[in-house]
Amino acid sequence: MPDKMNEATPLEAKEDLIHFLEAGSKPKERWAIGTEHEKFGFHLKDHSPLPYEGPSGIRAMLEGMQQFGWQPVMEGDHIIALAANGASVSLEPGGQFELSGAPLCTLHETCNEVHTHLSQVKQVAENLGIGFIGVGFSPVWTLDETPIMPKVRYQIMREYMSKVGTLGRDMMFRSCTVQVNLDFESEADMVKKFRVGLALQPIVTALFANSPFTEGKPNGYLSYRSHIWTDTDADRTGMLPFVFKGDFGFEAYVDYALDVPMYFVYRKGRYINVAGQSFRDFMAGRLPGLPGEKPVLADWIDHLTTIFPEVRLKQFLEMRGADGGPWRRLCALPALWVGLLYDGAALDAAWNLVKDWSQEERQTLRDEVARTALKTPFRGESVRDIAQRVLEIAQEGLRARHLADSMGTNETQYLEELGRIAASGISPADELLAQYEGAWAGNVDRIFDEYSY
């Protein structure tokens, strides 16, 4: 593959796919922070979900946001996203409103971006009688009540989900997350960050657990969003045990991705349904849905976005284990991972913490924190104890960056909310359940009034 790749570059061999991932490597001075978060929109008058069309729907929100310089992205006659200055606003399948932030240098910039976005959203939403809330799972709406956005790729995914798991549609239409995208310097740096990220993802899930309700009642979980991923599609989700094998690197991830079934191929303005078919066959020109045709780079990029493990590799690493939440936790998620992964001493300390955890222990943690969050037992102590040590490492990592805001405060300020949660041992979901059993008198609908942005 030529060094200057573009989306139309033909893919001739597996080495081309490896080279694409490898090309994401950057020197430390060019590392950036990309934060993404999703939120549910609702009508203020009755807390019902937002349809796409209508005077107070998703399309109206996207049109209103254009006053701030966002440019529309169209699919046919539908606005499906907005773009500006390296960032985008996009729609998840059930109308979840997502900010995919620009690559930024500091957490101060990241938090300012989040604040500016939510301020813009609130300004447009209030004029339309709309509110937004950050939780990990839709607290009251059924699947039938949840609108479907007019994006063809989601129609293909929706049809396929019912064939490979029981909770895939819940993931698509009723869950919300916050994640951060981070860079690596080399293959070895990627491997170390990937392993630390996977091992500690359950700890992050526990700190951010914020989805205890389904259809107006407690669902038995503290992070139901996390549980959903255990029965969505085993071919493209999970803790990826092969990442911890000695020969793991870009090639091993490519081999994994080649075997993850495809969803679609985009050609001449339309999505072609190839759900369940093989990218390996596509590389050989034997894809049943497109006989004789071979992929271009855009197809590989699209395919990588349809893989959903707890940590995902593209030309950067995505940390994917946290429930959506309020403003302060949207800033805390990137702060935690930047503190752990962007300072060499902190990364070493984090690896030393997890390097002897077995695959069975990692998987058990991942499964159990969905129910018991910080109270989950581990090696004679609790996840709360581990979380406190993780936060200490992250604080040291952020201090070592020596990046102060205009008031002279360093980036550790964004960990304060997580420090409070870890010190108390009470997850955000525990707090919601206490409200439900106390002041709310069993009425989950109160969440829209008290926890909206």
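The values are calculated or read from the model by the stated rules, or taken from the named source; none is laboratory data. What you see is a predicted model, and the numbers here were worked out from it, not measured in a lab. Neighbour counts are summed over all protein chains in view; Cβ atoms, including those assigned to glycine, are modelled from backbone coordinates with ideal geometry.
The table that follows gives values for the structure above.
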| read-out | value |
| --- | --- |
| Index of the failed condition, Asp16 passing every other in (1) out of contact with any Pro (no Cβ under 8 Å at 6 or more places or on another chain); (2) buried (at least 17 other Cβ atoms within 10 Å of the Cβ); (3) assigned to a loop (DSSP other than H, G, I, E, B); (4) not polar (S, T, N, Q) | (3) |
| Helices (runs of 4 or more DSSP H) contained entirely in region 327-401, each with at least 3 residues that are out of contact with any strand residue (DSSP E or B) (no Cβ under 7 Å at 6 or more places or on another chain), at pLDDT 95 or above and among the charged types (D, E, K, R) | 359-372, 383-399 |
| Counted residues, region 237-265 - those being assigned to a strand (DSSP E or B) and in contact (Cβ under 8 Å) with a residue 60 or more places away in the chain | 3 |
| Verdict on Val164 being touching a residue at least 12 places away in the same chain (Cβ under 8 Å), surrounded by fewer than 23 Cβ atoms within 10 Å (Cβ to Cβ), among the β-branched types (Val, Ile, Thr) and farther than 29 Å from Leu391 by Cβ | yes |
| Set Phe184, Phe137: member being touching a residue at least 40 places away in the same chain (Cβ under 8 Å), of a type outside the set (Ser, Thr, Tyr) and either farther than 22 Å from Glu98 by Cβ or surrounded by fewer than 21 Cβ atoms within 10 Å (Cβ to Cβ) (or both) | Phe184 |
| Residue within region 275-284 that is out of contact with any His (no Cβ under 7 Å at 6 or more places or on another chain) and in a strand (DSSP E or B) present | no |
| Residue match in region 29-38 (condition: surrounded by 21 or more Cβ atoms within 10 Å (Cβ to Cβ) and closer than 24 Å to Val444 by Cβ) | yes |
| Out of Gly276, Gly285, Gly269, sole residue that is of a type outside the set (Ser, Thr, Tyr) and modelled with pLDDT under 95 | Gly269 |
| Pairs, first without any contact (Cβ under 8 Å) to a residue 60 or more places away in the chain in region 112-129, second in a helix (DSSP H, G or I) and of a type in the set (Phe, Trp, Tyr), C-beta under 9 Å, six or more apart | Thr116/Phe68; Gln120/Phe68; Gln123/Phe68 |
